[in-house]
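Here is the structure we will look at.
The values are calculated or read from the model by the stated rules, or taken from the named source; none is laboratory data. Just so it is clear, the structure is predicted and the values come from calculations on it, not from any experiment. Here the Cβ is made from the backbone with ideal geometry for all residues, glycine too, and neighbour counts use every protein chain on show. Surface areas here come from the heavy atoms of the whole protein model, side chains and all, with no ligands, DNA or RNA. Shrake-Rupley method; radii C 1.70, N 1.55, O 1.52, S 1.80 Å.
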Amino acid sequence: MTTVLVAVLMGTASAVWFSPPIRVLGQPTDESTAQPAELMAPQTRLPQIRLLAALIAGLSCWAIVTGLVGMVLGAVVAGAVHLGIGVMEPASIRTRRQQIERDAPLVADLLSCCLVVGASTHTAMAAVADAVGGPTQQLLAESAARIRLGADPLTEWSRLAAVQPLAPIARAFTRSTVSGAPLADLLLEVANEQRSTLRAGLQERAKSAGVRTVGPLGACFLPAFILLGVVPVIASLVTQLLGG
């Protein structure tokens, strides 16, 4: 049984690991129709790792418990591991999202400045993309190139609205186009709001850091307290009772 399990695990690991990496949000067949979130998602082996971890967990439970109960328990554990890993956000995607969140207020400020001096929409977007760099540059440069080639600016900003940190900026462009409100002023308001939201989020995370450290500190100090403070007292009492 153990030999068969090891063989199955090694075969599964080889098949999953050496398969081509795919995009987390789906590999588009044509980049011209890809959404911004798909364009910014790097290739990753998370789906392969997710499947491999689920199989290993399920087969391990089956090997330990054995029988029909082990098979059922292994299936339940495999499904739980598969779902648990699925709801986790990959570190690369989280890093990119956080970078775009930090860039969003600056993007709104710079776009407002470019529009005030008379730059066109795609020129402003291209200039801001070169200034901020990183994943935000990829998103803005892509849309700027499309607008320069004749795409509808509203359509491009609707695509960018799929990236949550850029959604308020996209709504400002749409509102300005529909209502005729000064876009530069709207972008300044968006920048101030996003900067306040970002500051509030940082303050909230700083406040919750103390709460999150209680568990690790308790796990470190509680065993030491028991061993050094409680165990000697109990041992002394037991010794006195037995001696008496």
Point to revise | For region 69-158: accessible area per residue (Å², 1.4 Å) | key: 50 Å²
Revision key, fill the gap. Sorted by chain and number, the residues with a modelled amide H under 5 Å from that of residue 119, at a separation of 5 or more or across chains, are none
Review point. Hey, if you put +1 on the Cβ of every Lys and Arg and -1 on every Asp and Glu Cβ in region 116-232, which of 143, 202, 174 ends up farthest toward the positive end of that dipole?
Key: 202
Check your understanding: In whole Hz, what ³J(HN,Hα) sequence does region 115-132 give by Karplus (6.51, -1.76, 1.60; θ = phi - 60°), x for Gly and Pro?
Key -> 5, 5, 7, x, 6, 6, 4, 5, 5, 5, 5, 5, 5, 5, 4, 5, 6, 8
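Computing the accessible area with a 1.4 Å probe over protein heavy atoms, can you report the carbon and sulfur percentage for region 102-163?
59 percent
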Practice item. Provide the solvent-accessible area of residue 113, counting protein heavy atoms only and rolling a 1.4 Å probe, rounded to the nearest 10 Å². Key: 80 Å²
Point to revise | Rotationally averaged projected area of region 134-231 (alpha carbon convex hull; nm²) | key: 9.3 nm²
Exercise for review: Could you work out how far apart the two model spin labels at residue 228 and residue 141 are, taking each label as a point 7 Å from the Cα in the direction of the beta carbon, and quote it in nm?
Suggested key: 5.6 nm
